[in-house]
Amino acid sequence: MAGRIPSQFIDQLLDRVDIVDLINSRIPLKKAGKDYQACCPFHDEKTPSFTVSREKQFYHCFGCGAHGTVIGFLMDYENLGFVDAVEELAAQQGIEVPREGGAGQGPDHRPLYGMLEQATRFYQDALRQSPGAPRAVAYLKQRGLSGDIAARYAIGFAPPGFNNLMQRLGDSPEHLEQLWITGLLAESEEGRRYDRFRERIMFPIRNHRGQVIGFGGRLLGDGKPKYLNSPETPLFHKGQELYGLFEARKAVRKLERLLVVEGYMDVVALAQFGIDHCVATLGTATSHEHMERLFRAVPEVVFCFDGDRAGREAAWKALETTLPLMKDGREARFLFLPDGEDPDSLVRKEGSAAFKQRISDATPLSRFLFDKLTGEVDMTSAGGRAQLAEMAKKLLQRLPSGIFRQLLAKQLDERVGVTVVQLDTDLPARPQRRPIGRNRYLGTMPPVRRAIALLVTNPQFACCQSLPEGWEQLPQPGIPLLKELLELLRTQPNLTTVAILERWREREEGRHLGKLTATLLPLGEENMEREFHDTLENLARQASEAEWAALMTKAREGLSEVEKARLRELASEKSERDRQPDNRNE
């Protein structure tokens with residue numbers, strides 16, 4: 001049953017995870033005063049404006065405005081949903097994510113993951129003993145796979161028959177529904193459900209945590225389709241997944257390079273020869289999502305394609321997809337195989353060392369780009385070189401600003417013979433926001449926003465003694481939120497800034513709280529408590545003056561005895577304020 005992740009668990013998880021350690025494991029951070037900095041992973045920049053605060057457990061980019069908690073960072077950087085991000089953090093801490101009844105922050109997919117793991121074991125068992133198993137084992141041996149590699153990738157076999165899996169795992173309506181949702185069953189035009197995978201070598205596809213999210217099946221014998229993937233499900237999205245990435249990370253202690261090949265068998269065959277850093281797209285062209293995931297894992301990506309026309313066309317599409325992600329420090333290369341060879345056949349023919357040398361000698365993106373374009377024009381004529389300049393300029397403008405783009409622009413100039421374009425000046429510069437002084441931050445804020453910002457970034461202020469009262473009645477936007485925050489923090493005084501932000505994640509106000517936190521992130525706490533007190537006092541004064549004005553207007557028509565008494569009370573307070581210096585910070 002789907003259930004909400006308890007807020008108390010998220011609070012405890014945030015207390016256990018250090019945002020600096022987590023982000024530093026993905027982006028190298030440098031100490032900058034009491035905080036840490038790096039170039040922002042969410043936009044292109046030369047000067048670091050991405051700041052991480054260990055004290056606040058919060059990150060903020062002064063360039064693009066990205067900000068959030070450790071959960072928010074995982075969601076944006078790893079392209080995860082909220083529940084997946086929480087489960088990722090919990091797994092790192094070795095704790096189970098609890099659930100409570102009722103609707104909550106997304107469905108509970110744990111039963112679906114459990115069903116896919118059971119299916120994986122079923123297919124592995126079927127490879128050892130089932131009708132058709134000897135034929136499947138013979139095929140794998142003929143492809144040169146050992147038992148160790150088959151076990152590492154959890155390769156299995158879907159036996160012949162339409163209901164083997166259903167009979168084994170579909171022992172209840174709930175389990176049958178899980179088989180259907182995870183794509184393990186298909187449905188005929190008559191509405192009859194049956195095993196989707198039959199008489200196929202089965203390759204489990206795992207996510208970054210090692211959980212099975214889908215399958216690829218290779219048909220034994222003739223027939224179509226030769227390869228069959230799981231359909232789109234709540235867990236599996238074909239255009240985003242990479243087969244073998246989890247296994248590569250597990251096999252190579254410090255992964256620096258990934259080889260992108262075409263199919264499942266290429267990945268496992270290369271692993272058989274000790275080439276463990278291989279992944280495969282699932283029968284689709286390399287997508288932007290694939291490239292983001294690859295470059296988050298390693299700084300260098302090598303694409304492996306057939307050397308024929310179709311292979312080079314596919315490589316060009318991969319190049320076009322890669323260009324916008326080629327930040328400085330990243331590298332993309334292209335390995336073209338001899339005619340009639342695939343990675344599986346070639347590595348068996350020439351051996352591991354020779355194939356590894358081919359990977360090292362792969363064509364850099366820049367050379368492939370210019371070789372392709374110069375081959376399409378007459379470089380001996382001025383018109384041909386002008387064509388080259390126009391085609392290349394459009395491609396180079398898709399690169400992020402940086403040294404790599406400048407180097408490619410210089411190569412273009414050398415080939416054409418003139419300066420073609422000053423790329424860094426031709427493209428509009430992204431405006432950079434920098435922190436400004438404390439008084440300007442707070443002085444430009446309306447008092448209600450100022451109070452909320454100060455309270456969220458300093459939750460302990462809720463328990464200060466003798467806070468001003470009376471502002472609660474002020475009819476202004478934000479007052480209900482300020483009241484709710486104070487009440488929450490008085491009952492749960494140990495809540496941190498990031499815990500507050502996560503409590504409000506699913507509410508419209510949560511976006512505003514995050515922005516306010518980012519605004520005050522670089523400020524120290526000196527005099528902040530006094531500022532918070534004075535801001536509430538200012539709001540209380542505004543509430544008193546609004547009530548005074550309303551009663552004075554009503555006095556023309558007559559007031560009740562209670563209202564007259566209140567008016568006298570307000571008049572006394574007003575007279576006292578008027579005798580005091582005006583220290584309002586509006």
Give me the Kirkwood hydrodynamic radius of the chain, using the inverse of the mean 1/r over all pairs of distinct Cα atoms, in Å to one decimal. 28.6
If the label point is 7 Å along Cα→Cβ of residue 284, which residues in the stretch 226-260 have backbone nitrogen under 12 Å from it? 230-233, 236-243
Computed over the stretch 1-98: relative contact order in percent, which uses C-alpha pairs under 8 Å that are six or more apart: 23
For the stretch 444-506, just list the percent of Cα-Cα distances falling in each 10 Å bin from zero outward, please. 20, 57, 22, 0
Starting at the first residue of the stretch 191-204, write each ³J(HN,Hα) from the Karplus equation 6.51 cos²θ - 1.76 cosθ + 1.60 with θ = phi - 60°, in whole Hz, x for Gly and Pro. x, 8, 8, 8, 4, 5, 9, 9, 6, 9, 5, 10, 10, x
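Which percent, to the nearest 5, of DSSP beta bridges fully inside the stretch 258-369 are antiparallel?
Working: 2 of 15 bridges.
Counting only bridges with both partners in the stretch 258-369, antiparallel ones make up about 15 percent.
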Hey, what angle do you get for helix 528-555 against the long axis of the chain, alpha-carbon based, 0 to 90 degrees rounded to 10? 60
Qualifying GluC sites (Glu not before Pro) in the stretch 159-195, DSSP loop, other Cβ atoms within 10 Å at most 11: 189, 190
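How much of the DSSP bridge set in the chain is antiparallel, in percent, rounded to the nearest 5? Present the calculation step by step, with values, prior to reporting the outcome.
Numbers: 33 of 47 bridges.
Approximately 70 percent, going by the DSSP bridge assignments.
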With contacts defined as alpha carbon pairs under 8 Å and 6 or more residues apart, what's the relative contact order of the chain in percent? 10
Over what distance in Å are the Cα centres of the stretch 124-196 and the stretch 314-376 separated? 35
Computed ³J(HN,Hα) along the stretch 446-453: with the Karplus parameters 6.51/-1.76/1.60, θ = phi - 60°, integer Hz and x for glycine or proline, the list is x, x, 5, 4, 4, 5, 5, 4
I'd like the Karplus ³J(HN,Hα) series for the stretch 286-299: coefficients 6.51, -1.76, 1.60, θ = phi - 60°, whole numbers in Hz, and an x wherever there's a Gly or Pro. 5, 9, 4, 5, 4, 5, 4, 5, 5, 6, 6, 8, 8, x
Give the list, by residue number, of cysteines in the chain with no other Cys Cβ closer than 4.7 Å, or say none. 39, 64, 278, 304, 463, 464
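Once Rh for the stretch 250-403 is found with the Kirkwood sum over Cα pairs, what is the Stokes-Einstein diffusion coefficient at 10 °C and 1.306 mPa s, in µm²/s?
Numbers: Rh = 16.4 Å.
Once the numbers are plugged in, D ends up at 97 µm²/s.
Which values, in whole Å and largest first, are the semi-axes of the equivalent ellipsoid of the stretch 25-173 obtained as the square root of 5 times each eigenvalue of the Cα gyration tensor? Show your work: numbers first, answer last.
Numbers: eigenvalues 412, 99, 29 Å².
Calculated on Cα positions only, the semi-axes equal 45, 22, 12 Å.
No lab work stands behind these numbers, since they all come straight from the coordinates. Given the structure is predicted, the values throughout are model-derived calculations rather than measurements. Virtual Cβ from ideal backbone geometry, glycine too; neighbours counted across all protein chains shown.
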